[in-house]
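The values are calculated or read from the model by the stated rules, or taken from the named source; none is laboratory data. Just so it is clear, the structure is predicted and the values come from calculations on it, not from any experiment. Quick reminder, even Gly has a Cβ in these numbers, built from the backbone with ideal geometry, and neighbours come from all protein chains shown.
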Amino acid sequence: MTIRELTSTDNFFLLAGPCVIEGEDMAMRIAEKIVSITQERNIPYVFKGSYRKANRSRVDSFTGIGDENALRVLRRVRETFNIPVVTDIHSAEEAEMAAEYVDILQIPAFLCRQTDLLVAAAKTGRIVNIKKGQFLSPLAMKYAAEKIVSEGGAGRVMLTERGTTFGYQDLVVDFRGIPQMRSFGYPVVMDVTHSLQQPNQTAGVTGGMPEMIETISKAAIAVGADGIFLETHENPAEAKSDGANMLRLDLLEGLLDKLLRVREAVKTI
């Protein structure tokens, strides 16, 4: 998998899947459904699933089914449907292990300035998707990307917008950030569902505004985002992580059709 392949069509590309791998059967069902939808529309697709959810609000929150088990699920998705897969890594030691199973290593927003993590990801030879920290300006992401490039990663960097901290319990999206980060020469993804989180709730469970998914998605495509990132689940109310801001899987097809129409309109301007 290369950046060129992801951006080889006139359409945006899609990174989508469950927040965290909860089990093989569910992952396979979600992947099969999204593959069918995206192939019909010529949308390049990357299956997303965290093999471990490391940054939970509470100590008793679900974190995964075990690293090796979850990574094997990602490999099966990759091989069964012949699609690339992406997962988060949280430490330099995880980079080489995860790279054996996936095509894209994702750097969580809270860790986007961790030099040793970025360098380790770059050294694997995989594409590295760096999420913009909720505490950083878009222009500051230039330096995170340069850490990948310094290790031979030119042409293997993506940047992802996922909102900026607004007060203690909310995020906002500054859409100026998408063209600003694109000016560095890297593809830019809009992480729609995470940007709609309402973190740090007093109950210890992150809230969200999934009713705004369509709005944020349309705006991102309108200002030139190369890719859209969505977490989706058959029943978000039963998801073991981030259910409050997920897109219900049966709504994905209609949303993508609308986004394709926005994309066509933007190309004519």
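Conditions (1) at pLDDT 95 or above; (2) assigned to a loop (DSSP other than H, G, I, E, B), marked per residue:
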position: 174; (1), (2): yes, yes
position: 179; (1), (2): yes, no
position: 185; (1), (2): yes, yes
position: 203; (1), (2): no, yes
position: 221; (1), (2): yes, no
For this session: Examine segment 27-34 for a residue that is surrounded by fewer than 16 Cβ atoms within 10 Å (Cβ to Cβ), at pLDDT below 95, of a type outside the set (Gly, Ala, Ser) and not in a loop (DSSP other than H, G, I, E, B), and state whether such a residue exists.
Result: no
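From 269, 221, 228, which residue is without any contact (Cβ under 8 Å) to a residue 40 or more places away in the chain and farther than 16 Å from residue 164 by Cα?
On inspection, the qualifying residue turns out to be 269.
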Exercise. Can you tell me which residues in segment 187-201 are in a loop (DSSP other than H, G, I, E, B) and surrounded by fewer than 24 Cβ atoms within 10 Å (Cβ to Cβ)?
Worked result: 187, 199, 200, 201
Problem set entry | Which numbered condition residue 75 fails, given (1) touching a helix residue (DSSP H, G or I) at 6+ places or on another chain (Cβ under 7 Å); (2) in a helix (DSSP H, G or I); (3) farther than 29 Å from residue 221 by Cα | (1)
For this session: Please specify each residue of segment 206-240 satisfying the condition of being within 27 Å of residue 23 (Cβ to Cβ) and surrounded by fewer than 16 Cβ atoms within 10 Å (Cβ to Cβ).
Result: 207, 234, 235, 237, 238
